[in-house]
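Okay, structure first, notes after.
All of the numbers you see were taken from the coordinates with simple rules; none came from a lab. This one's a predicted model, so the numbers in the text were calculated from it and none came from an experiment. Here the Cβ is made from the backbone with ideal geometry for all residues, glycine too, and neighbour counts use every protein chain on show.
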Amino acid sequence: MADKMTIIGAGGGMGILFTKYFTDMGFEVTGHDIDNQKKVRASVKSDSLIGSILQPDYVLLCTPTKATPEIIRLISKEMKRGAFLIEISSEKSKTVPALAKTPSKINPICIHPMFGPGIRKIKGRNIICIPIKDAKKELTITKKLFPGANFVTIDSTEHDKKIALILGLTHLMNLAFANILARDETITLTEKMSGTTFKAQRIIAESILTETPELINTIISNPELRKYGEEFWRDIGRLLADSQEGKREDVMNYVKACQEKISKNVDLNKSSKKLSNMVNLLDK
């Protein structure tokens with residue numbers, strides 16, 4: 001008999017991805033979405049939030065971060081004994097305390113899949129695991145649900161710090177970059193003149209804009225992002241001032257220091273080749 005899973009937020013991007021993924025894995029998937037305008041693609045659809053979580057072995061929350069703690073509170077006491085409640089939000093400061101307070105009869109699992117709804121397969125992708133009550137058990141179940149993925153275990157505080165850099169800063173930079181592109185009245189000419197670096201950066205910025213404003217706001221509202229944003233702002237100001245004022249040596253020393261530090265962990269020449277190969281594939 002197939003395991004039962006309910007996906008809350010099944011009409012959103014990640015909900016659609018996981019509905020297909022777990023259906024393909026042989027689960028009996030029920031989909032529910034609070035937004036009736038969204039199309040739920042699960043074979044079983046439920047209009048009732050509570051009704052959808054009474055019987056399944058697993059409940060997966062693909063819900064906005066802001067709403068998730070309250071949803072956890074509402075459904076955790078109604079879920080059947082031994083069921084797993086899985087939460088996937090990109091910021092854990094409020095969702096982790098909510099999971100920690102769930103009744104002992106259910107098993108909370110807190111993960112952050114480091115991929116979006118556009119991927120073709122989960123094998124080889126990174127999934128971050130945040131321990132709640134039983135780290136070993138929670139990791140074992142996560143590995144069972146996502147065989148072939150790569151797993152990193154980290155506490156919620158360190159998760160949010162790292163995500164501020166991994167997602168927060170990249171989103172902040174690319175939003176500003178995209179806004180400048182949006183104001184370019186001769187963007188067609190700009191694109192005709194562009195080289196490898198611009199093409200890659202433009203694609204990253206444009207792909208970020210496919211995310212919902214609510215998700216982007218959640219990512220850049222991470223309190224840990226302020227530190228990185230201020231450092232970035234200071235460095236931009238310093239580089240602009242030094243270059244415009246003819247402080248050539250200061251700019252060169254800044255670049256050399258970056259090159260030396262980054263080269264300790266990566267081969268910069270290989271990175272350059274990867275970028276060229278990536279753009280060449282896109283141009284085909």
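In a simple Cβ point-charge model (Lys, Arg +1; Asp, Glu -1; nothing else charged), the stretch 150-224 has a dipole of about 320 debye relative to its Cα centre.
What fraction, in whole percent, of alpha-carbon pairs in the stretch 4-154 exceed 23 Å separation? Display every interim value, and only then the final one.
Working: 3147 of 11325 pairs.
Cα-Cα pairs in the stretch 4-154 separated by more than 23 Å: 28 percent.
Relative contact order of the stretch 158-283: 36 percent, from C-alpha pairs under 8 Å at least 6 residues apart in sequence.
Which of the peptides 59-70, 242-253, 201-212 is most tightly packed, and how do the rest follow, judged by the mean count of other Cβ atoms within 10 Å per residue? List each step's numbers first, then the result.
Details: 59-70: 21.0, 242-253: 12.2, 201-212: 14.9.
The packing order, highest mean first, is 59-70, 201-212, 242-253.
Running a GNM on the chain with Cα contacts under 10 Å, which residue among 156, 89, 48 ends up with the highest mean-square fluctuation? Of 156, 89, 48, the most mobile in the Gaussian network model is 48. Can you compute the FRET efficiency between residue 271 and residue 43 using 1/(1 + (r/R0)^6), with r the Cβ-Cβ distance and R0 = 30 Å? Round to the nearest 0.05. Given R0 = 30 Å and the Cβ-Cβ separation, E is 0.10.
Annotation: amide H-H contacts under 5 Å for residue 84 (H modelled 1.01 Å from N, sequence separation of 5 or more, or interchain): 58, 59, 107.
Which value, in debye to the nearest 20, describes the size of the charge dipole of the stretch 158-283 about its Cα centre when Lys and Arg Cβ atoms bear +1, Asp and Glu Cβ atoms bear -1, and nothing else is charged? Mind showing how you got there, number by number?
Working: 18 positive and 19 negative charges, 90 e Å.
Here the size comes out at about 440 debye.
In terms of distances greater than 29 angstrom between alpha carbons, the cross-link table entries 20/77; 4/101; 20/136; 38/137; 101/161; 137/270 yield 38/137; 137/270. Between the entries (i) 14.9; (ii) 18.0; (iii) 19.8, the label attached to mean projected area of the Cα convex hull in nm² calculated for this structure is (ii).
Between the alpha-carbon centres of the stretch 143-202 and the stretch 20-90 there is a gap of 28 Å. Toward the positive end of the charge dipole of the stretch 158-283, with +1 on the Cβ of Lys and Arg and -1 on the Cβ of Asp and Glu, the farthest Cα among 220, 166, 272 is that of 272.
Principal-axis analysis of the Cα atoms of the chain puts helix 135-145 at an angle of about 90° to the longest axis.
Of all beta bridges DSSP finds with both residues in the chain, what is the antiparallel percent, to the nearest 5?
15 percent
If only the Cβ of Lys and Arg carry +1 and only the Cβ of Asp and Glu carry -1, the dipole of the stretch 4-154 around its Cα centre is close to 320 debye. Where does helix 248-263 land angle-wise versus the long Cα axis of the chain, in degrees 0 to 90, nearest 10? Roughly 40 degrees between the two axes. Kirkwood-type hydrodynamic radius, the stretch 162-220: 12.2 Å, calculated from all non-identical alpha-carbon pairs. The overall shape of the stretch 158-283 is rounded: from the C-alpha gyration tensor, with semi-axes ordered a ≥ b ≥ c, the ratio a/c is less than 1.5. Between the residues 114, 177, 236, the greatest Cα displacement towards the positive end of the dipole of the stretch 108-241, with unit charges on the Cβ of Lys, Arg, Asp and Glu, is found for 114. Phi-derived couplings, Karplus 6.51 cos²θ - 1.76 cosθ + 1.60 at θ = phi - 60°, listed residue by residue for the stretch 168-173: x, 5, 5, 5, 4, 4 Hz, with x used for Gly and Pro.
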